[in-house]
Every structure is written in structure tokens, then in C-alpha cells.
Amino acid sequence: QVQLVESGGGLVQAGDSLRLPCAASGRTFSRYAMGWFRQAPGKEREFVAAIRWSGSFTGYAGSVKGRFTISRDNAKNTVYLQMNSLKPEDTAVYYCAADRDGGGSSRSTAYDYWGQGTQVTVSS
């Protein structure tokens, strides 16, 4: 069992940066791939970024590529989403998720555990 807790969300202006940490419980965190997803009001949850258990592979949605960076610190059981050059369309609840298979998929159905989410609001 893995429990995930996101933090770091808030209200920022367009062009600002935020870093979202996701702290995981459990001794096997380092074996899991981790992903970030987001859900805007009235829209479906969408993939943002993923990282394999070793950190050797990362993947991004086209809408955030070049602006967002996913990373992990297995010693701290934490995955991060660094968000730069934020846009109003990045406004959403951001969720981190853990995938036992370690692949780092963009499909939400591949993930076994989810956090409660943290709100990010970007004003224009």
C-alpha cells in the first residue's frame, strides 16, 4: 500500500513558477513509476508527466513539454513537478499517482494509487 500526499499548489500569475512535491509512504516507493495528472473544471483528467522507478525515463504531455519537469528523490520518497512559465490553461487540480509496474505510462488506468490532489490556479 502506498499513500500519496501532494502539496505546493496555490494561486499564481501567468509566467510564474511552482513546484509540487508529492510525498509517498511505503518502503517500496523506489520501485514504482510515478505520474502527474491534472483535472480542470468540466474536463477529464489528463496526463501531465511520468517518471520510471529509476528516473531513467521521463515523459510529458505535449502541452507542458519544455515548461514542466518531473523528478524524484527515492531517498526522500518524493516526486516533484517543477512548473515554469505557467499559463491560465494550466489551472487544474494536480494529482500524483503511483504505478506498481514501474513503466511510467500516460494512461491513468495504469496507476494503482492516487493522492487527493492540490489546486493550482494561474491568473492572466
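The values are calculated or read from the model by the stated rules, or taken from the named source; none is laboratory data. These figures come from a predicted structure and were not determined experimentally. Virtual Cβ from ideal backbone geometry, glycine too; neighbours counted across all protein chains shown. Only protein heavy atoms, including side chains, enter the accessible area calculation; ligands, DNA and RNA are left aside. Shrake-Rupley method; radii C 1.70, N 1.55, O 1.52, S 1.80 Å.
The relative contact order of the chain comes to 37 percent, based on Cα pairs under 8 Å that sit 6 or more residues apart.
So, with a 1.4 angstrom probe, what is the percent of accessible area on the chain that is carbon and sulfur?
Answer for the chain: carbon and sulfur cover 44 percent of the accessible area.
A cut-off under 13 angstrom between Cβ atoms defines the neighbours of L18, and their net charge, with Lys, Arg +1 and Asp, Glu -1, is +1. If you run the Gaussian network model on the chain, springs between alpha carbon atoms under 10 Å, then out of F68, F57, F47 the most flexible one is F57. Between the alpha-carbon centers of region 1-51 and region 60-119, tell me the distance in whole angstrom. Taking the Cα centre of each part, region 1-51 and region 60-119 sit 4 Å apart. A 1.4 Å probe run over region 9-74, with the rest of the protein chains in place, finds 54 Å² accessible per residue. With K and R counted +1 and D and E -1, the other residues having a Cβ less than 13 Å from that of N84 yield a net charge of +2. Can you work out the base-10 log of I(q)/I(0) for the chain at q = 0.09, 0.11, 0.23 1/Å, using the Debye formula on its C-alpha atoms alone? Cα-only, vacuum Debye calculation for the chain: -0.21, -0.31, -1.38. Net charge of the neighbourhood of T58, taken over other residues with C-beta under 11 Å away and scored Lys/Arg +1, Asp/Glu -1, is +3. Computed from phi, the 3J(HN,Hα) profile of region 32-43 under the Karplus parametrisation 6.51, -1.76, 1.60 (θ = phi - 60°) reads 8, 6, 10, x, 10, 10, 9, 9, 8, x, x, 10 Hz, with x in place of Gly and Pro.
Just so you know, the averaged projected area of the alpha carbon convex hull for region 62-123 sits at 4.9 nm². Working note: Karplus 6.51/-1.76/1.60 with θ = phi - 60° gives region 10-25 the couplings x, 9, 9, 9, 4, x, 6, 10, 9, 10, 9, x, 10, 8, 10, 9 Hz, where Gly and Pro are set to x. On the basis of the beta-carbon distance and an R0 of 35 Å, S54 and S123 show a calculated FRET efficiency of 0.40.
Candidate cross-link partners of K87 among the aspartates and glutamates, defined by an alpha-carbon separation under 18 Å and a same-chain spacing of 8 or more, comprise D16, E46.
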